[in-house]
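Let me begin by presenting the structure, written as structure tokens, before commenting on it.
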Amino acid sequence: MIRHITFLSFFFILLVSCGQTKFVGYEPSNMSTILPEPVEGAFAQNVILLVGDGMGLSQITAGLYSNGNKLALEQFKNIGLHKNYAYNDLITDSAAGATAFSCGIKTYNGAIGVGPDTLGRYTILEEAEDRGYLTGMVTSSTIVHATPASFIAHNESRRNYEEIALDFLKTDIDLFIGGGNKFFARRTDEKNITEKLKAKGYYMSNYFDEELTDIDVKAHKKIGYLTADADPLSVEQGRTYLPVAAKKALEFMEHHCTEDQGYFLMIEGAQIDWGGHANKGNYIVSEMIDFDKVIDIVLEYTKQHPETLVIVTADHETGGLAINKGSTMNNLDMKFTSDYHTGDLVPVFSAGPQSDLFLGFYQNTDIYHKMRTAFGWLKDSKI
Ligand SMILES: [Zn+2]
């Protein structure tokens, strides 16, 4: 007992004598920027949905503490949680997870924009187009991968990449940026979807022909840019395009949308999930920080465009990641319980008009309904 007291007093004296210096590097971030307060009752003209694939709370924490205890994500005041289980499995995959966001339904793992009956459902992106909004998608995976695919395609299986690419001809999406050139231009059926999209009026380009930074997004009304032949590189391997693509997409939307025409934009940080599957902490951290750069760009934009609702969430957590005892700031002991997704609840961050809708505890499918409510579409529902 006495030894304990002696030890505690020693520890107390140590704390007092060290003062603040003991906590160097541990201060909370001092983000000085403040997001605009939404106008009460106003609908959102634009909705930007940012999906960090596999981004659970531990991935966010790992990114935060590995980035000098600072993330753009900290600027959000409205935070909620969603239940992300699939129709047939408590552990969702990205296809069922994204279909919940895009169509408002629980479906089976592997389903792309279809219900449990494998029949297609109307997506929020398709509805936005039909209502005259501009639409866009940006991802650090292939553009036909589960998350973006679920907004634009209808397929019983996420693996049917060539069929999913064909569905890009059936919509009028205005801008898309992601990998997967081979599913458009080097297909097993020898159809050339890139040429067909050009014939539909798209300015089609890719990593091989042109840098994304060189594209004048104001000069083209429809743009498809393919960033890799198959999967894009990771940040660790040198990928830098996601924040650039986010900027280009915002510039595109700002230039081409008219006063009474809004837009729907989905941006995915896809490879946080891949780091989780690989059980690689550094992979997760680098992708998380890259995705946070996108969040920063979007939030800076909304300060000039307060009619824009921003939602940041994940489809699920990946890896069962925990940050363990012995971790220090910038030197985390990360351990995994799985090389697949887990059933953890995931957070939802929101700002802008109608963002209060996203407070609280709800189903992943409610994200869809809340986005439609935020757009003010409930009165004249098309579905
Ligand atoms: Zn995954």
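Kindly check whether there is at least one residue in the stretch 103-125 that is under 19 Å from the mean Cα position of the chain (by Cα) and of a type in the set (Phe, Trp, Tyr). For the stretch 103-125, residues under 19 Å from the mean Cα position of the chain (by Cα) and of a type in the set (Phe, Trp, Tyr): absent. Please count how many residues of the stretch 271-284 are open to solvent by 30 Å² or more (accessible area, probe 1.4 Å) and either closer than 20 Å to residue 47 by Cβ or polar (S, T, N, Q) (or both). Result for the stretch 271-284: 2. Looking only at residues in the stretch 214-237 that are under 20 Å from the mean Cα position of the chain (by Cα) and small (Gly, Ala, Ser), the one that is farthest from residue 198 (Cα to Cα) is 234. Residues in the stretch 145-197 that are within 24 Å of the chain's Cα centre (by Cα) and hydroxyl-bearing (Ser, Thr, Tyr) were compared, and the one that is modelled with the lowest pLDDT is 171. Is it fair to say residue 242 is open to solvent by less than 30 Å² (accessible area, probe 1.4 Å) and either among the polar types (S, T, N, Q) or not in a helix (DSSP H, G or I) (or both)? No: the conditions fail for residue 242.
Checking 268, 287 one by one, the residue that is open to solvent by less than 10 Å² (accessible area, probe 1.4 Å) and not in a helix (DSSP H, G or I) is 268 and no other. In the stretch 76-88, the condition of being within 16 Å of the ligand (Cβ to nearest atom) and more than 16 Å from the chain's Cα centre (by Cα) is met by at least one residue. Of all residues in the stretch 271-278, none satisfies being in contact (Cβ under 8 Å) with a residue 40 or more places away in the chain, part of a helix (DSSP H, G or I) and more than 12 Å from the ligand (Cβ to nearest atom). Once the stretch 312-369 is narrowed to residues that are in a strand (DSSP E or B) and within 16 Å of the ligand (Cβ to nearest atom), the residue that is surrounded by the most Cβ atoms within 10 Å (Cβ to Cβ) is 318.
Looking at residue 298 and the list (1) within 16 Å of the ligand (Cβ to nearest atom); (2) within 22 Å of residue 66 (Cβ to Cβ); (3) open to solvent by less than 10 Å² (accessible area, probe 1.4 Å), which single condition is not satisfied? With respect to (1) within 16 Å of the ligand (Cβ to nearest atom); (2) within 22 Å of residue 66 (Cβ to Cβ); (3) open to solvent by less than 10 Å² (accessible area, probe 1.4 Å), residue 298 is out only on (1).
Can you pull out the strands (runs of 3 or more DSSP E) entirely within the stretch 34-150 that have at least 2 residues that are open to solvent by 40 Å² or more (accessible area, probe 1.4 Å) and farther than 20 Å from residue 342 by Cα? Walk me through how you get there before you give the answer.
On the way: elements: 46-52, 78-83, 134-142.
Per the criteria, no element qualifies.
I need the full set of residues from the stretch 158-198 which are exposed (fewer than 15 other Cβ atoms within 10 Å of the Cβ) and of a type in the set (Ser, Thr, Tyr), in order please. Answer for the stretch 158-198, where residues must be exposed (fewer than 15 other Cβ atoms within 10 Å of the Cβ) and of a type in the set (Ser, Thr, Tyr): just 188. Hey, does the stretch 215-222 have a residue that's at pLDDT 95 or above, out of contact with any Lys or Arg (no Cβ under 6 Å at 6 or more places or on another chain) and either surrounded by 22 or more Cβ atoms within 10 Å (Cβ to Cβ) or not in a loop (DSSP other than H, G, I, E, B) (or both)? Within the stretch 215-222 (the criterion being at pLDDT 95 or above, out of contact with any Lys or Arg (no Cβ under 6 Å at 6 or more places or on another chain) and either surrounded by 22 or more Cβ atoms within 10 Å (Cβ to Cβ) or not in a loop (DSSP other than H, G, I, E, B) (or both)), the answer is no, since none of the residues qualifies.
The values are calculated or read from the model by the stated rules, or taken from the named source; none is laboratory data. Computed from a predicted model, the values in this text were never measured in an experiment. No Cβ is skipped: glycine too gets one built from the backbone with ideal geometry, and neighbour counts run over all protein chains shown. Remember, those area values only see protein heavy atoms, side chains included, never the ligands or the DNA or RNA. Shrake-Rupley method; radii C 1.70, N 1.55, O 1.52, S 1.80 Å.
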